[in-house]
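Visitor: Following this message is one structure expressed as structure tokens.
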Amino acid sequence: MFIFTIVILFLVSNHHRIYGQDDGKGANAKSTEVSVGCFSGDSLVTLANGERKQIGNLKIGDEILAVNQLKIVSSEMIIMLDKEKSKQAKFYTFLTDSGHQISLTDLHLIPIISSDEKIDYIPAKEIKLGDRFYVVVNGQLKHSSVINISIEFKTGYFAPLTMTGTLLVNDVFASCYASAKNHHFAQIFMAPFRWYYQLARFISINDPFNNTQTDGIHWLIKIIYQSIRYILPSTLQSF
């Protein structure tokens with residue numbers, strides 16, 4: 001797998017010549033197309049300095065609040081996996097008894113507290129009333145039960161990836177990943193990309209993954225997703 005990942009990283013410097021700029025299908029792609037789960041465009045994240053920022057306005061290198069080993073930490077955003085400012089997508093919107101709300105596309109992973117008090121990352125479409133999210137209350141992570149689930153269409157969706165693979169969206173702990181069955185597998189698989197990002201930033205390359213793209217799924221994610229579908233299809237969620 002490591003060699004496979006390195007091969008993909010090699011394509012970073014060659015993608016324009018090899019692939020060009022084709023259109024992504026967005027948050028609700030079907031079967032053989034690339035699928036990226038996203039957060040709704042009205043979602044807010046908190047920067048390390050306490051500033052609140054709309055998710056679509058994030059920039060590469062922004063330090064945002066995330067979660068690592070159930071501790072609130074700051075984490076750099078390294079790539080926007082998918083972004084669409086004007087397209088609509090179907091979202092599952094969850095309201096907790098603490099008043100927190102978050103909207104996710106169906107395959108986006110979010111951690112819940114399982115019956116044995118462990119963290120279980122499951123797709124939004126599988127969340128049930130009574131499931132417990134982690135939310136921020138007075139600067140601390142607390143449990144909060146889901147009391148309402150609605151399905152709605154919203155305009156605009158975004159999928160930022162951080163170094164930790166997590167982030168706090170509207171003060172709700174969420175994964176950066178979707179489509180994968182296992183959050184931890186996805187985070188391990190993406191390790192070489194994080195190393196590449198850190199090395200590139202160290203030598204003053206400000207945008208290692210060319211995030212100045214137009215709307216759509218990032219070209220690198222298209223390569224990764226289609227490659228995994230061919231090599232490790234069992235690690236992906238079904239539609």
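The values are calculated or read from the model by the stated rules, or taken from the named source; none is laboratory data. Model, not experiment: these values are computed from the prediction. Neighbour counts run over all protein chains shown; Cβ positions are idealised from the backbone, glycine included.
Visitor: Could you count how many residues in region 86-136 are in contact (Cβ under 8 Å) with a residue 60 or more places away in the chain and basic (K, R)?
Guide: Within region 86-136, residues that are in contact (Cβ under 8 Å) with a residue 60 or more places away in the chain and basic (K, R) number 2.
Visitor: List, please: which pairs have Cβ atoms under 7 Å, are six or more places apart or on different chains, and start with a residue in region 155-175 that is of a type in the set (D, E) and end with one that is surrounded by fewer than 24 Cβ atoms within 10 Å (Cβ to Cβ) and modelled with pLDDT of 95 or more?
Guide: Sorted first by the residue in region 155-175, then by its partner, the pairs are D171/H100; D171/V135; D171/V136.
Visitor: With the requirement that a residue be within 18 Å of F94 (Cβ to Cβ) and within 22 Å of the chain's Cα centre (by Cα), what does region 146-167 give you?
Guide: V146, I149, S150, I151, E152, F153, K154, Y157, F158, A159, T166, L167, listed by residue number.
Visitor: Checking L65 against (1) more than 17 Å from the chain's Cα centre (by Cα); (2) buried (at least 16 other Cβ atoms within 10 Å of the Cβ); (3) under 22 Å from G50 (Cα atoms), which test does it fail?
Guide: Condition not satisfied by L65: (1).
Visitor: I've got another one for you. Which one of K53, K83 is without any contact (Cβ under 8 Å) to a residue 24 or more places away in the chain and either touching a Cys at 6+ places or on another chain (Cβ under 8 Å) or closer than 18 Å to L161 by Cβ (or both)?
Guide: Only one candidate passes the filter, namely K53.
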